Structures are given as C-alpha cells and as structure tokens.
Number of protein chains: 2
Amino acid sequence: MPTYADLSTGELEELRGQLEEEYAGFKAKELKLNMARGKPAAAQLDLSMPMLDIIASDADFKSEDGTDCRNYGVVDGLPEAKRFMASMLDDEAENVIIFGNASLNIMYDAVARCWMFGTLGSTPWCKLDTVKWICPVPGYDRHFGVTEAFGIEMINVPMLADGPDMDEVERLVAQDESIKGIWCVPKYSNPGGVTYSDEVVTRLAEMECAAEDFRIFWDNAYCVHHLHEDAAEQDHLMDIGDACIEAGNAHRYFKFASTSKVTFPGAGISAMAASPENIAEIKARMGVQTIGHDKLNQLRHVRFLHDADGLARHMAKHAAIVRPKFELVCQKLEAGLGETGCGTWSNPRGGYFVSFDAPEGTAKRIVGLAKEAGVVMTGAGATYPYKNDPKDSNIRIAPTLPPLEELEAAMDVFVCCVKLASVEKLLGA
Amino acid sequence: MPTYADLSTGELEELRGQLEEEYAGFKAKELKLNMARGKPAAAQLDLSMPMLDIIASDADFKSEDGTDCRNYGVVDGLPEAKRFMASMLDDEAENVIIFGNASLNIMYDAVARCWMFGTLGSTPWCKLDTVKWICPVPGYDRHFGVTEAFGIEMINVPMLADGPDMDEVERLVAQDESIKGIWCVPKYSNPGGVTYSDEVVTRLAEMECAAEDFRIFWDNAYCVHHLHEDAAEQDHLMDIGDACIEAGNAHRYFKFASTSKVTFPGAGISAMAASPENIAEIKARMGVQTIGHDKLNQLRHVRFLHDADGLARHMAKHAAIVRPKFELVCQKLEAGLGETGCGTWSNPRGGYFVSFDAPEGTAKRIVGLAKEAGVVMTGAGATYPYKNDPKDSNIRIAPTLPPLEELEAAMDVFVCCVKLASVEKLLGA
C-alpha cells in the first residue's frame, strides 16, 4: 500500500472526504476522553489503599529511632524513610533528604535556592545578567515551566535514541558560563521513553563546564516504572552520582524521586540525593523554611512498601495495569498509521508516555481536531520550552488514566485526526 | 519582705550560699526536662487520633466536588478545606489557598516570591541594595530566621501591652522605602501572649508606607488557641483584611494559619488568605512549583473537625490540658519570685508561651544555669533578631510539652536559677 505522500491529488481528495465523514461520526458520539496528563488510573490508586490503614489510631507512631512522628521535628526525614528512598535514588541514606509530597516542588526550590543564595559559594543566579539552561527536547513541560518562571533562557538540545545529543551539550556548556543546568528525565524519559546510555551518563559527568556551579537536575521520576516485571525487559540506568564522583565532579548532580506514581499523586513522599556538601548546604537552608515534612506519611510509606523488593513487587502490579494500555496505543498506531507514513512513535519499556511525531506542521491541527471530537491531548508544543515546537510535530500521548475501552475509543479518534491533518497538509489546505 | 535589690551585701552573700546549695541539689537529681519549644504534649496529640481512622481503605475519597483526592490536581485546595481554613483565617473561602503541612513554609515561600519576582508589579527584592523588615520584639525566632536567611536587615520595635509600638512603626515605614514588611503574631503573640488591640490593627492597616509593596505578614498561629472555653475569657482580634480594605490598602496583608497545634505538628494543613489580586498572583506562581498539596490530608482534617464549631470544641479539649500548665508556671513564678523583684512575666489567655523578663544582663546566665541542671529552655536571645537581646533579659518559657509533674520540677529549677543569677548580678560577680 502506498504512503499518503505517494497518493495523487485526486486520491487525497477522495481520502479527505472519507476521513471527514469518519471524523464527523466520532464528533457525533460526543465523547469525553482524556489522554492529556500522566495520571495513574483509579485501578492503580486502588493498589495502595491498604497503606491508608497502616497509620490508624491504634498504630505505633514511633519511628525506629523512637521519634513520636505526630509531633514537630526531623527536618530531613525519618531514618527508615531515608533508607527507603535511597533505594529509589540509587544512593546512600546519609545523602538523602526526604521532602513533602512532590519532587516538582523540590526541583523548584532547588532552582530557587541557587537563584537566591547561590550554591557552595557561587554567585546567586539572581545577581547574574543571564542564566541559561539546557533542555533536551522533547521534554517535560513542568520542567520548562520552572526555568521559564525564573526567566532562565532555555536552549533546545535534541534527544537521540540514547539520551540528549551529547556533542551539542558538551559544546554548549564548555563555552558558556551562563549555562547553569540541564533538565534530565534519564529513565523512560518524558515523553520519549528514552533511557540514557552509560556513555551519555558518563559524558554528562565528565564534560567540561564553564560554569563551576553547573547542576544536572536528574529527575528519576520513572526509576521503578517498568512495563515488564522481567529484568531482561527493563531498562537499566547508570547512576549519575557514581559517575560524577568518578569524574571528579562530585557536586554536579541533584537526584530527585518520589512515590507520586507509586502510591498516591499528591499524597506521596519525595526525596533528593546529592553530594554530602550539597546536602549539608540544602539542609541548612531548608531548616529555615520548615521544621519538617509529614513524618506520618513517611511512616505510612515505609511500612507499606518496606524496601526495594517490596517496591518492585508493588510496581509489578502497576505494570500489569499499565502495560496493556501501552500495547493498545502502539497497536492502534501501527494498525492505523503504519503504512500511511503519517508519523512515527516511541514504544517504551516504561514510564508514562508514548511520544508521537506527526508530519511537520500538523501537531497543533491534530490536537485541535481531537479536542473538537472530545479527546483531550497534551497541548501541541507542550513538550518544548516556551511551548514552541519549531516543527509543530511532537504530541505526547498519556495512556494511563483512561480505562482500556475509553483508551481504545480515544486512539481511534486520534488516528483519524492524524490522517485527516496529514491529508490536509499534503493538499496544502 | 524586701526585694533582692534592697538586701545588703552580707545578706546577698548569705542568700547566694543558700541558692548555690539548692542549685547543687537540683543538679544532683540529674534531671532531663525540656521547656524549649512550643510543642504539644503527647496527651494533646492523642486528641486527634480518631482523625487517622477517617481516611482508611474503605473511606470515600471524593471531595464534595467529586475530585478523586488520591490523584493529581487541585493546586489551591479542596473547596471544603478552603471553607474550613477560611474560618480560621477570618476570611472568605475564595481568598484562601491551602498549602502543605506548615505555615512557616508558606511564609518563607511568600518572602521568596517577593524576593525573586516582586509582587503585583513591584521590583523583585533581590534587585534592591537593601531590604529591611520591622520585627516587634520579643518575637518568634523562626520568623527572624527567615528574614535573616535573605539578608534582610531587621529593625527591632518594642512590643507594648496591645501590640507593636505603633508610633515607632509608623515613623519607620513612612520614611524608608526599603522597609518591605513586618512580622506579626497578632493573637497570643509568641512569646509575650499579647493580642493586638483594634487601634493597633487599624493603624497597621492605615499607616503611610513609603514602600508600595509593604506587606504585613500576619501569622495567626494561635487564633483558636485559647486557654479558656468561655468567650469572655478569650482575646478577640480585629481582622487585618477588613481593616486594610477599609483603609484602601487591600493588598497590604498576607494572613497565615495552620492546624499544626490543632491536630499534628508536621502532619497538619496550612493556608493563607490575601486580596484577590495577591491570591491570583500567588496561585499563578505556585502552579509552577507544585501540582497540588496533599488532598487526602485535607479531607482528613475537614471530616474530623468539620467547621468553626467543631474546631472550637476540639480546641477546648486542648485548653483543658494546657491551661493547668500555664497556671502552674505562673503560680511557681509568683510564689518563687513575686516578692524578690527578680523579673516580670506574662500571664496570657492563650498561645504557647509565658514570656519572662529577667533582670538585665542575666538571661544567658539563667538559661545556662538551667541547662547545667538538666532543664533546657529556649536559648536566651532567641526572641530577638540575630539572637541578640540587647538587654539580655527575655526568656521564653514553653510549658506545653512536659507533663505537669515534670513541668513543676523544671519550674523549681528555673526559679532557683533566676534567683541565683539575680543575686550574682547584684553582687557584681
């Protein structure tokens, strides 16, 4: 079968007619479907319900060191919570700080601290004329939102199959002292599903940076979010901490993780890890900001998930729910678009997204068409800084929230919209 | 009986001998008592244990508007949580934002936002050469810690019987554009137990400020923390919001409150209220920092405390535990020091502290003596910016944490230390 690009104008016009009819049929159904955000489905949230019975009125409220977790104190987290989150962060408990309910908040505050106070003796970023940031694209919209809020100039660097284009990253950071950081979702990246190769991790750790206070913001949001239980079908990521220490750049990384997509988004716990010097500085500063985070919630999590093994068992239950949705999305894309040439997409082994690259100049049109037919997608452009996808091509598909049958209906609409927008483009309409 | 100041040197020397003997007796007991921090006692925490059974695995997890509180979203708080916290904040639900577990964190972030971005169009404070702040003294050490961390120059203004010395406050803010804010604990103040009079509230709202972006940080930490259930024995505070609107300075106030000392410190909920324009700006900025705070904990709180009446009933139970401790402290001080002339103290109708003013130049010595005898007090000077009490006189007594019998033992030690340090001072030792 020929791709759409091979069709004659007449064939395309006929096709457009068919697709418009199909699209009108979808519209008539008055669907209300949502593939916009990486939100767990209700069935996933149900997995963690037993956690809510653990800290009941008859529970033991003492942490392992005897702290009454109902009262003030313990600014950096319970010992058992640090140990637990250290397993997610691939680090030692003593290098871990437990925070509140969201790693986004930790990252924002980490940027804010550097902005207001500098870090390890460097000039506060707010005192500089220009601060720039490396943004692998496509990437996570909320990361870009943070740097944009600070007026940090964001520089796009393409994501390749094994991580950011390191030739370009190395070239940029070597020459420009105003480049202070890079956003990384190093495992099952948002949205591409890419896991950084050992070479990329090593190059990030070793590269020459003009800025002494350059920081890798290592948002390991999907560290345990595999689609498969079998280790052979999971991605593996080299630890950035080890790599940075090895390279003699021990202060270069801030690692972040949370249980937002393990237990309950909004009611989870979050943590960061960094070098002892970074951690000491952050503790001193955050000791002014808070007396401590929610220790009862820390207890709840540790007593429910226990350790890395307990976490893996729990995540396998998530995978059983999530995997069929990813499979469905990829099947629908393959069946509907495989032979048309209208786009390419990722087929990740973990994370929360399928990344779809539509024909140039059609992403906004596709998302608009889908919306009009009752299917809400992540806004086109959202995966780029300033919401500006220069090719107007990338669309993030978030399959987790809708039940399978809704997802199926939504993907049928999406495929139709992609085809229609592609035909329109070819016809120059 | 003569005061110590009326005694002869010989009498003082004899007294010192007696007191040193008494003190040695206390030391021999190897006490370990703590009156340092305003922490609720275990018996108070027990009052809120039933709250922990409310959000169990069989609970309804939907908020009143149908939101699944286990998932992402609702950046500014559940409608029922806003309504509940509005009752604490003396405001309308639509002017309220619900935050995480600590109002200190909200205040820090509020300063940080002004620092980094300015507010309602003003210059970011980080771009100014000097930022100054009015600090009524004695005051709350953690407030002073926040402004100190930002390098904000703190100006002491004395607390009088009905609030800060407003003549002085008005004089300062009228002439100096770099004065950007004032810390206020307007009800049962920390540590003095003072509630601002209507006149003080009105003058704060009406005063001419050289800085257009001057903000009153209204930390109503003890708004419902009365020692008595009878309204006639409670202090009443005029609402700063109403006063500012009335005065045509609607954007001047940020109000803060939390349930830290209502339910569980560290596992409570917190909130702020301000003008619609301030709230809109803060929501926009915090929407970059977080996807939302812990909604399950918001549900827990609202379903446990219900409304202002439920809150008042709950706080009456706290009062029944706390009041005898305040009474004991004041009895001990009166019995031990009443006729000696060695100090004066507050006798508040709410809050968490008794403020003790020792003879000038003796506070550090008293706290040191107490510590050596196993009684930890708040550090002398802590109630002043930069931990510098120019008269070395004020000591904050926090009676809530120890059980009554421990408090009694601690107060005996404290009274002995006050007497001994006073005698030493009179003898010029």
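List of remarks:
- Sequence-distant residues sharing a close amide H with residue B:33 (under 5 Å, placed H): B:375, B:376
- Note, ³J(HN,Hα) from phi for the stretch B:219-231, Karplus 6.51, -1.76, 1.60, rounded to Hz, x at Gly and Pro: 8, 7, 4, 10, 4, 10, 9, 7, 8, 10, 7, 6, 4
- Placing unit charges on the Cβ atoms only, positive for Lys and Arg and negative for Asp and Glu, gives the stretch A:63-306 a dipole magnitude near 1120 debye about its Cα centre.
- Here is the size of the stretch B:138-224 from its Cα atoms: Rg then Dmax, 12.4, 36 Å.
- Net lengthening on full extension, residue B:212/residue B:288 (0.36 nm per residue, minus Cα-Cα): 24.8 nm
- Straightening the chain between residue A:335 and residue A:162 buys 59.6 nm, computed as 0.36 nm per residue apart minus the Cα-Cα spacing.
- Whole-Hz Karplus values for the stretch A:118-131 come out as x, 9, 6, x, 6, 5, x, 4, 5, 8, 8, 5, 9, 10 Hz, taken residue by residue from phi with 6.51 cos²θ - 1.76 cosθ + 1.60 and θ = phi - 60°; glycine and proline positions read x.
- Accessible area per residue for the stretch A:117-197, computed on protein heavy atoms with a 1.4 Å probe, is 33 Å².
- Here's the list of aspartates and glutamates a cross-link from residue B:82 could span, going by alpha-carbon distance under 14 Å and ignoring same-chain residues fewer than 8 apart: B:64, B:65, B:90, B:91, B:92, B:94, B:294, B:307.
- Close amide H pairs (under 5 Å, H built 1.01 Å from N) link residue A:179 with A:132, residues at least 5 positions away or on another chain.
- Using a 7 Å projection from Cα along Cα-to-Cβ, the label point at residue A:206 is separated from the same position in the remaining copies by 7.3 nm, smallest value first.
- Copy-to-copy label distances for residue A:232, where each label lies 7 Å from Cα along Cα-to-Cβ, are 8.4 nm in order of increasing length.
- When both bridge partners sit in the stretch A:63-306, DSSP labels roughly 35% of those beta bridges antiparallel.
- Take the Cα of residue B:153, step 7 Å toward its Cβ, do the same at residue B:5, and the gap between the two points is 3.5 nm.
- Chain A - share of DSSP beta bridges that are antiparallel (%, nearest 5): 45 percent
- Remark: relative contact order (chain B) = 26 percent; criterion is Cα-Cα distance under 8 angstrom and separation of 6 or more residues.
- Computed magnitude of the charge dipole of the protein assembly as shown (debye, nearest 20; Cβ of K, R +1, Cβ of D, E -1): 480 debye
- Our coupling estimate for the stretch B:172-184, obtained by passing each phi through the Karplus curve with A = 6.51, B = -1.76, C = 1.60 and θ = phi - 60°, is 5, 6, 5, 9, 10, 5, 7, 7, 10, x, 9, 7, 10 Hz, Gly and Pro reported as x.
- Leading residue at positive end of dipole, the stretch B:1-94 (Cβ point charges), from B:52, B:75, B:86: B:52
- Ranking B:100, B:131, B:225 by how far each Cα lies toward the positive end of the dipole of chain B (charges on Cβ) leaves B:100 at the top.
- Dipole magnitude (debye, nearest 20) for the stretch B:153-217, charges at Cβ of Lys, Arg, Asp, Glu: 340 debye
- Across the options A:250, A:275, A:237, the greatest Cα extent toward the positive end of the charge dipole of the stretch A:214-372 (unit charges at beta carbon of Lys, Arg, Asp, Glu) belongs to A:275.
- Using only Cα coordinates, the Kirkwood hydrodynamic radius of the stretch A:125-185 works out to 11.9 Å.
- Sparsely packed trypsin sites (Lys or Arg not before Pro) within the stretch B:32-135, loop by DSSP, other Cβ within 10 Å at most 14: B:32
- Projected-area mean, the protein assembly as shown, by convex hull of Cα positions, square nanometres: 39.0 nm²
- Contact order, relative form, for the stretch A:63-306: 28 percent (alpha carbon pairs under 8 Å, 6 or more residues apart, mean separation divided by residue count).
- Percent of Cα-Cα distances greater than 33 Å, calculated over the stretch B:63-306: 15 percent
- Peptides B:274-284, B:100-110, B:229-239 ranked from most to least packed, by the mean per-residue count of other Cβ atoms within 10 Å: B:100-110, B:274-284, B:229-239.
- Computed FRET value (nearest 0.05) for residue A:68 with residue B:175, which takes r as the C-beta separation and R₀ as 51 Å: 0.55
- Calculated FRET efficiency for the pair residue A:127/residue A:388, C-beta based, R₀ 22 Å, to 0.05: 0.20
- 25 Å Cα-Cα threshold exceeded, pairs from A:283/B:180; B:255/B:295; A:132/B:180; A:32/A:391; A:187/A:325: A:283/B:180; A:132/B:180; A:32/A:391
- Starting from the label point of residue A:9 at 7 Å along Cα→Cβ, the same points in the other copies fall at 11.7 nm, in ascending order.
- Two-decimal log10 I(q)/I(0) for chain A, as the Debye equation yields it once each C-alpha is a single scatterer, q = 0.11 Å⁻¹: -0.87
- Chain pair B, A: total accessible area buried, heavy atoms, 1.4 Å probe, Å²: 4600 Å²
- Normalised convex hull volume, the stretch A:1-129, alpha-carbon set, Å³ per residue: 320 Å³
- With a simple spin-label model that places each label point 7 Å from the Cα along the Cα-to-Cβ direction, the separation between residue B:13 and residue B:94 comes to 7.7 nm.
- Loop-located GluC sites (Glu not before Pro) in the stretch B:1-74 (DSSP state not H, G, I, E or B) with no more than 16 neighbouring Cβ atoms inside 10 Å: B:30, B:64.
- The stretch B:61-206 - share of DSSP beta bridges that are antiparallel (%, nearest 5): 25 percent
- Going from the chain on its own to the full set of protein chains, the stretch A:271-294 has these residues losing 10 Å² or more of accessible surface (heavy atoms, 1.4 Å probe, no ligands, DNA or RNA): A:285, A:287, A:288, A:289, A:290, A:291, A:292, A:293, A:294.
- Carbon/sulfur fraction of accessible area - the stretch B:63-306, other protein chains in place, 1.4 Å, %: 46 percent
- Two-site label geometry, residue B:120 and residue B:328: point separation in nm, points 7 Å out along Cα→Cβ: 4.8 nm
- Amide hydrogen proximity for residue A:99: with H placed 1.01 Å from N in the peptide plane, the residues at 5 or more positions away or on another chain lying under 5 Å are A:270, A:271, A:272.
The values are calculated or read from the model by the stated rules, or taken from the named source; none is laboratory data. Source: prediction; values computed, not measured. Heads up, the Cβs are rebuilt from the backbone with ideal geometry, glycines too, and the neighbour counts pull from every protein chain shown. Accessible surface areas use protein heavy atoms only, side chains included; no ligands, DNA or RNA. Shrake-Rupley method; radii C 1.70, N 1.55, O 1.52, S 1.80 Å.
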